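Asks: Got a structure here, written out as structure tokens. Questions coming.
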Amino acid sequence: MDLLGRPGPLAAAAATGPVYVVCGAKSGTVLQAVDLDGRLCWSRSLGTAGGQMRVAPDGGVWVADGGALMETTVSGTPGRRVEFSCASDERIGTFVVLPDGFLVAWTSRPYRKVRLERTDGSGASRWSAGLPDARLSYDGVVEMSAVDGWQAEPKVPWRPRDLAPERWAGLLVSADRVLATYTDWSSGIGMGFCLDLATGTLVWVTPPHPTGERAIAGQGRFLVGRQGYGAFSTWLYDRDGAVVAEWPSQGKLLVSSRGRIRVVELDNSDSSTRRVRRLHRDGSMTDGPYLPGYYTAGPVLSGDGRAAFWRDGTLQIVDPDLHVHTLYEGEGEGVDRMLLLEGGRLFFVLTRDRAEGDSALVIAATDLAPLDTGAWPCGESDLHGNPVHYE
């Protein structure tokens, strides 16, 4: 279905809907709600606010607006506006909704400092933790200058000009741990900072790496992907920062209610062989079939062990044994995440022409069971698009 503007992030109040869509229009950002049959429930202009959204347990939608968060109620009417205390050059990079307030990843532009802050529901700070000053480096990053005769040389550790949290999965909460990933957009090199949720104490830090996909693994653990500059791997960190498993695979992740991990690989190298794989805790992998294409909507995991995703012009279903079946063939590139709602309905966005910004919201009928209850059954961890998972 076509909406008012270019559809972007999706989230849902519940498996029964409504589905929220943030659309970019000429007049600014528009938040729209549709029912499970695609009928428009309401539409609200957000002005210059918008982009990322999080849905609270009561179905209210929160979006960032500079140094504040703005709420839209489930009925589409304006809700609260929560103002935070911040410096003039600080802005909200990303945030999540907690049961008793918010967790905000702040950034400054140009990069001066970054910090995480936990607040109550009114915006009053419970703790604010400045993160260590970033010095980035990676073996595959090179630089050239006239001094060296324009020969490529390994780049010495540098302080980035712009360091911002990843827009998607840049702030994850697993049990009593928080993982914030900040990236230097000019190089693609970033770092993950893990803090204690209750106190804001820094617990561990990842080494600088080319940032890839990330996910909550449950019980204070996180999956951290690395892609670029020759890196193509996923690491499993425990709550204290120990790497307990590593796989030579990277892509969109799924973690089931039984703790099983699957990945739909993403790799922009033309020579790579991308597959659906199962990642085992001993570092081994079970390989599924080869996957053509790159741009992917989904995957999303149902409670019966099947997963769905759109890629290379097809809607595909992956069985628990990694056999892949084509459910539907069409046109367009899938982007971002996919929602699995009541009655097996799949909601996702297809881009038909990137240059023209031609995108549409698609609703597909399937016989999939309800969404799995694991730590990461879809992008952003849940239908709310709010990656907070307690055990």
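Asks: Cut-off 19 Å, label point 7 angstrom out along Cα-to-Cβ of V142: give me the residues of the range 191-210 whose amide nitrogen falls inside.
Replies: Inside the label zone: 210.
Asks: Just how many % of Cα pairs in the range 165-237 lie over 15 Å apart, if you round to the nearest whole percent?
Replies: I get 49 percent for the Cα pairs in the range 165-237 exceeding 15 Å.
Asks: Moving on to the next point. What is the log10 of I(q)/I(0) for the range 258-342, computed with the Debye formula using one identical point scatterer on each Cα and no solvent, at q = 0.18, 0.21, 0.22, 0.23 Å⁻¹?
Replies: -0.78, -1.05, -1.14, -1.24
Asks: While we're looking at this one, here's another question. Among G218, G313, G190, which one moves the most in a GNM of the chain with springs linking Cα atoms closer than 10 Å?
Replies: Answer for the Gaussian network model of the chain: G313.
Asks: Using a 1.4 Å probe on the protein heavy atoms, what percent of the accessible area of the chain belongs to carbon and sulfur?
Replies: So the carbon and sulfur contribution to the accessible surface is 50 percent.
Asks: Along the range 317-328, what does the Karplus equation 6.51 cos²θ - 1.76 cosθ + 1.60 (θ = phi - 60°) give for ³J(HN,Hα), rounded to whole Hz, x for Gly and Pro?
Replies: For the range 317-328, the Karplus-derived couplings read 10, 10, 6, x, 8, 6, 6, 10, 10, 8, 8, 7 Hz, x marking Gly and Pro.
Asks: Output the peptides 34-44, 301-311 sorted from most to least packed, where packing is the average of other Cβ atoms within 10 Å over each peptide's residues.
Replies: 301-311, 34-44
Asks: Give a residue-ordered list of calculated ³J(HN,Hα) values for the range 359-371 (Karplus: 6.51 cos²θ - 1.76 cosθ + 1.60, θ = phi - 60°; whole Hz; x for Gly, Pro).
Replies: Values per residue, Gly and Pro as x: 10, 9, 8, 10, 10, 10, 8, 9, 9, 5, 6, x, 4 Hz.
Asks: If amide H atoms are built 1.01 Å from N in the plane of the peptide, which residues on other chains or at least 5 residues away come under 5 Å of the amide H of C41?
Replies: HN-HN under 5 Å from C41: A33, V34, D35.
Asks: What is the ratio of the Cα radius of gyration of the chain to 2.2 N^0.38 Å, where N is its residue count, to two decimals?
Replies: So the Cα radius of gyration is 0.96 times the expected 2.2 N^0.38 Å.
Asks: Let me ask another. Applying 1/(1 + (r/R0)^6) with R0 = 45 Å to the Cβ-Cβ distance of T73 and V205, what FRET efficiency is obtained, to the nearest 0.05?
Replies: 0.70
Asks: Can I ask one more? Starting from the 7 Å offset along Cα-to-Cβ, what nm value, one decimal, do you get for the label separation of D162 and D120?
Replies: So the two model labels end up 3.7 nm from each other.
Asks: Can you give the accessible area per residue of the chain, in Å², using a 1.4 Å probe?
Replies: Computed with neighbouring chains in place, this is 41 Å² per residue.
Asks: Please label the shape of the range 295-391 as rounded, prolate or oblate, based on the square roots a ≥ b ≥ c of the eigenvalues of the alpha-carbon gyration tensor (a/c under 1.5 means rounded; beyond that, a/b larger than b/c means prolate, else oblate).
Replies: Because a/c hits 1.5 or more and a/b fails to exceed b/c, the range 295-391 counts as oblate.
Asks: I would also like to ask the following. Where does each of 249-259, 234-244 land if you order them by average Cβ count within 10 Å, highest first?
Replies: Ranked by mean Cβ neighbours within 10 Å, highest first: 249-259, 234-244.
Asks: Then there's this: Among 198-205, 107-114, what's the highest-first ranking by average C-beta atoms within 10 angstrom per residue?
Replies: Peptide ranking by packing, descending: 107-114, 198-205.
Asks: Further question on the same structure: Using modelled backbone amide H atoms (1.01 Å from N, in-plane), which distant-in-sequence or interchain residues come within less than 5 Å of W204's amide H?
Replies: Excluding prolines and chain starts, which carry no amide H, the hits are C194.
Asks: Along the range 161-173, what does the Karplus equation 6.51 cos²θ - 1.76 cosθ + 1.60 (θ = phi - 60°) give for ³J(HN,Hα), rounded to whole Hz, x for Gly and Pro?
Replies: Running phi through 6.51 cos²θ - 1.76 cosθ + 1.60 with θ = phi - 60° gives 7, 9, 10, 9, x, 4, 5, 10, 6, x, 9, 10, 10 Hz.
Asks: Scan around Q250 for amide H atoms under 5 Å from its own, H built in the peptide plane at 1.01 Å from N, and keep only partners 5 or more places away or cross-chain.
Replies: Amide H neighbours of Q250, under 5 Å, 5+ apart: L266.
The values are calculated or read from the model by the stated rules, or taken from the named source; none is laboratory data. Model, not experiment: these values are computed from the prediction. With ideal geometry, Cβ positions are generated from the backbone for all residues, glycine too; neighbour counts draw on all protein chains shown. With ligands, DNA and RNA removed, areas are computed over all heavy atoms of the protein, side chains included. Shrake-Rupley method; radii C 1.70, N 1.55, O 1.52, S 1.80 Å.
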